[in-house]
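Reviewing the structure listed below.
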Ligand code: G1P
Ligand code: ZN
């Protein structure tokens, strides 16, 4: 039986950088989750009888929302739902399923790298038929609908047994519980030289992969351990937990500190990597060397042709605006297009669909390619392994060779988390008001060349996205970017991005924060971060 239930709009259902993210108790408010899912369906057209993919990162409340989403998909007329066994699908695996089975779209339940648990974070994101996050046009329509919605539709049927594979019928809809790993692992085999990686591993090359008690555990066991012969003990924290063991499943130097310490220690393995809550981010560390995500993007792009899936070369490279310019230098050398998009993976979709780029990445530990329409943590790990297997050099050698060829782009991001929203907005507004007059002025030892608020003109569909971050360029090529996070669930997070290019190999051995000291000082003098936020130091430095 299908029920129509009345509901009053919730004012705060505006999707952010990556879907709607709130604390679990907010999603547990009666009607809250249903109102958002119904608003998604109401913003779509012509999906009757079609397929919807549903899965999540396994965090607390995942199973409950999956049952709700299935019952609502049935009531709204979808013909088939594909759901990952146990309710699990990594974000890139969900993207792949949507594409492979030509689904109409998908609901991905995740708050990515944010903590999980009864009082922690949850999220719902809608992806379109190309497998990628819904573009702004759709997320805006969803938000508009949440503001007027007055009812949702839900079918009454018994909870689906998410743990056993198989096909079930319910309320006129087919529900298939699928293996979350199989199709994704098969896709990886088409892109990378598994024989070469297996030979590397059996030759004594040691790996440490930290799944952070999040979704990539089962994927890493299947791909790294079963198919590539990596020792099982090398996959750390491989069991997904609803609260990620109480940690932030965020693969950065703060939250993956154990891995970092291991990789910097005397008995470090050759290669260390980690992925986040939903498996789309990656952290890459060689023995004694951390590879910044911006550098990793550049290095993967420069070497991708060594993997079978990319042997024909790249069509182009894309990066989010705050990501460093290291990849631009690779694109210039390869003679391919370079695109600079706003923060968030949804802006890469059009470029990938139009064949205008092959590899894309963000400074926030995200890299991916045209194989899916999401960033992909294990993909980055496998591409690095493929490159290492072919080049037969250490990560450190590859990194240093790259810097010698292209110069080193020192890069860091300083986050001020959970600051007061009014203060954050005040800081940004005050700086923005001064942007036009900044050119020619000095900030400490640096001279400002130009400053603007980033606007993106999508070259494929002509859409325009404004207010995507404040940029300050200095003479000599350093750059400073300020923007507010669009993924937080409490207060505001100010992100300050700093970079400086250093062509001289004799100066490539500096500590990053030292190398960036003039840019860091300029950030404080231009924006008055301490005064506005009352904070002496960033919460997280990456
Ligand atoms: C953050 C990252 C951004 C990434 C997003 C989703 O968004 O900065 O690059 O796409 O998470 O993983 P933000 O919180 O900055 O809006
Ligand atoms: Zn993520």
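Among the residues that make up the range 465-479, is at least one of them assigned to a strand (DSSP E or B), modelled with pLDDT under 95 and more than 16 Å from ligand 1 (Cβ to nearest atom)? I'd like the intermediate steps shown before the answer.
Residues of the range 465-479 assigned to a strand (DSSP E or B): 465, 470-474, 479.
Among the residues that remain, those that are also modelled with pLDDT under 95 are: 465.
Filter again for more than 16 Å from ligand 1 (Cβ to nearest atom), leaving none.
Taking every residue of the range 465-479 in turn, none turns out to be assigned to a strand (DSSP E or B), modelled with pLDDT under 95 and more than 16 Å from ligand 1 (Cβ to nearest atom).
With the structure loaded, tell me whether residue 524 is under 12 Å from residue 413 (Cα atoms) and either crowded, with 17+ Cβ neighbours inside 10 Å or without any contact (Cβ under 8 Å) to a residue 60 or more places away in the chain (or both) or whether it fails that test.
When the stated conditions are applied, residue 524 does not pass them.
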Of the residues in the range 113-131, those that are over 15 Å from the mean Cα position of the chain (by Cα) and surrounded by 24 or more Cβ atoms within 10 Å (Cβ to Cβ) come to 116, 121, 122
Is it the case, given these coordinates, that residue 319 is within 16 Å of ligand 2 (Cβ to nearest atom), in contact with a helix residue (DSSP H, G or I) (Cβ under 6 Å, 6 or more places away or on another chain) and under 25 Å from residue 456 (Cβ atoms)? no
**Q.** Any chance residue 110 is more than 16 Å from ligand 2 (Cβ to nearest atom) and crowded, with 19+ Cβ neighbours inside 10 Å
**A.** no
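Condition check ((1) modelled with pLDDT under 95; (2) more than 16 Å from ligand 1 (Cβ to nearest atom)) across all residues:
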position	(1), (2)
352	no, no
360	no, no
365	yes, no
375	no, no
384	no, yes
389	no, yes
403	no, yes
Condition set more than 6 Å from ligand 2 (Cβ to nearest atom) and assigned to a strand (DSSP E or B), scope the range 274-289, selection surrounded by the most Cβ atoms within 10 Å (Cβ to Cβ): answer is 275
Restricting the range 255-273 to residues that are in a loop (DSSP other than H, G, I, E, B) and within 16 Å of ligand 2 (Cβ to nearest atom), the one surrounded by the most Cβ atoms within 10 Å (Cβ to Cβ) turns out to be 256
Residue hits (the range 1-22; assigned to a strand (DSSP E or B) and within 16 Å of ligand 1 (Cβ to nearest atom)) are 16, 19, 20, 21, 22
>> For the structure I just gave you, tell me whether residue 444 is over 26 Å from the mean Cα position of the chain (by Cα), surrounded by fewer than 17 Cβ atoms within 10 Å (Cβ to Cβ) and either under 30 Å from residue 351 (Cβ atoms) or touching a residue at least 12 places away in the same chain (Cβ under 8 Å) (or both).
In response: yes
Picking from 140, 176, 158, the residue that is free of Cβ contacts under 8 Å to residues at least 24 places away in the same chain and within 27 Å of residue 2 (Cα to Cα) would be 158
Taking first residues from the range 299-322 that are touching a residue at least 60 places away in the same chain (Cβ under 8 Å) and under 14 Å from residue 357 (Cα atoms) and second residues anywhere that are outside any loop (DSSP other than H, G, I, E, B) and within 16 Å of ligand 2 (Cβ to nearest atom), the pairs with Cβ under 7 Å that are 6 or more apart or on different chains are 300/367; 300/380
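This table checks each residue for (1) more than 19 Å from residue 154 (Cβ to Cβ); (2) part of a helix (DSSP H, G or I); (3) at pLDDT 95 or above; (4) within 16 Å of ligand 1 (Cβ to nearest atom).
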{"residue": "67", "(1), (2), (3), (4)": "no, yes, yes, no"}
{"residue": "74", "(1), (2), (3), (4)": "no, yes, yes, no"}
{"residue": "81", "(1), (2), (3), (4)": "no, no, yes, no"}
{"residue": "84", "(1), (2), (3), (4)": "yes, no, yes, no"}
{"residue": "95", "(1), (2), (3), (4)": "yes, yes, yes, yes"}
{"residue": "98", "(1), (2), (3), (4)": "yes, yes, yes, no"}
{"residue": "107", "(1), (2), (3), (4)": "no, no, yes, no"}
{"residue": "114", "(1), (2), (3), (4)": "yes, no, no, yes"}
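From the list 394, 364, 369, which one is within 16 Å of ligand 2 (Cβ to nearest atom) and either crowded, with 24+ Cβ neighbours inside 10 Å or more than 18 Å from the chain's Cα centre (by Cα) (or both)?
Checking each option against the conditions leaves just 364.
The values are calculated or read from the model by the stated rules, or taken from the named source; none is laboratory data. For clarity, every value in this text was computed on a predicted model and none was experimentally measured. Every residue, glycine among them, receives a Cβ derived from its backbone with ideal geometry; neighbour counts consider all protein chains shown.
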